[in-house]
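I have placed the structure first, in the form of structure tokens, so that the comments after it can refer back to it.
The values are calculated or read from the model by the stated rules, or taken from the named source; none is laboratory data. All of these numbers come straight from a predicted model, not from anything done at the bench. Cβ placement follows ideal geometry from the backbone for every residue including glycine, while neighbour counts extend to all protein chains displayed.
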Amino acid sequence: MKHLNSISFRVRYSETDQMGVVYHGNYAQYLEMGRVEWLRAIGFSYKQMENDGIMLPVISLQMEFKKSATYDDLITVTTSLTKLPMVRIEFDYEIRNEQGDLLVKANTVLAFIDMKTKRPTKCPTQILDCLQS
């Protein structure tokens, strides 16, 4: 199972450090953008999930840096689901530049949390329905 979605955008000047490359901490935001748009692409809104009382905090983040992105580079974040979610949902990512060079490989694991009880809960059935349609 590999549900894929890709988004592309240009690196903003404010995202770079004194060496002119993307500051490493900004890649976590790029991964979040990829996840949110991945959910939207399958027909589900992160905002709606929170309105329904479910939050999705990151519990694991791994990144392997291969090459640097610089100001005004057009980069593409490809997000893929690794397996059907249960109480956790796991994504793999690749970030590439306009030339197709691999910049970053990453993985995140997030947990579905009931906002009232602050306890783990099962993946919303709406997400599973979207994945199976």
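Figures for the structure shown
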{"read-out": "Members of segment 24-44 found to be touching a residue at least 60 places away in the same chain (Cβ under 8 Å) and either small (Gly, Ala, Ser) or farther than 12 Å from Leu56 by Cβ (or both), listed by number", "value": "Tyr27, Tyr30, Leu31, Ile42, Gly43"}
{"read-out": "So Ile7, is it in contact with a Leu (Cβ under 9 Å, 6 or more places away or on another chain), touching a residue at least 12 places away in the same chain (Cβ under 8 Å), surrounded by 15 or more Cβ atoms within 10 Å (Cβ to Cβ) and β-branched (Val, Ile, Thr)", "value": "no"}
{"read-out": "Single unsatisfied condition, Lys67 versus (1) touching a Leu at 6+ places or on another chain (Cβ under 8 Å); (2) closer than 17 Å to Asn107 by Cβ", "value": "(2)"}
{"read-out": "Count of residues meeting criterion [surrounded by fewer than 16 Cβ atoms within 10 Å (Cβ to Cβ) and in contact (Cβ under 8 Å) with a residue 60 or more places away in the chain] in segment 59-76", "value": "3"}
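Let's see how each residue does on (1) aliphatic (A, V, I, L, M); (2) under 18 Å from Tyr23 (Cβ atoms); (3) touching a strand residue (DSSP E or B) at 6+ places or on another chain (Cβ under 8 Å); (4) surrounded by 13 or more Cβ atoms within 10 Å (Cβ to Cβ):
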residue	(1), (2), (3), (4)
Glu50	no, no, no, no
Leu56	yes, no, yes, yes
Thr78	no, no, yes, yes
Ile89	yes, no, yes, yes
Glu94	no, no, yes, yes
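The rows are residues; the columns are (1) under 15 Å from Ile127 (Cβ atoms); (2) part of a loop (DSSP other than H, G, I, E, B); (3) at pLDDT 95 or above.
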site: Ile7; (1), (2), (3): no, no, yes
site: Tyr30; (1), (2), (3): no, no, yes
site: Met49; (1), (2), (3): yes, no, no
site: Thr79; (1), (2), (3): yes, no, yes
site: Lys83; (1), (2), (3): yes, yes, no
site: Ile95; (1), (2), (3): no, no, yes
site: Glu98; (1), (2), (3): no, yes, yes
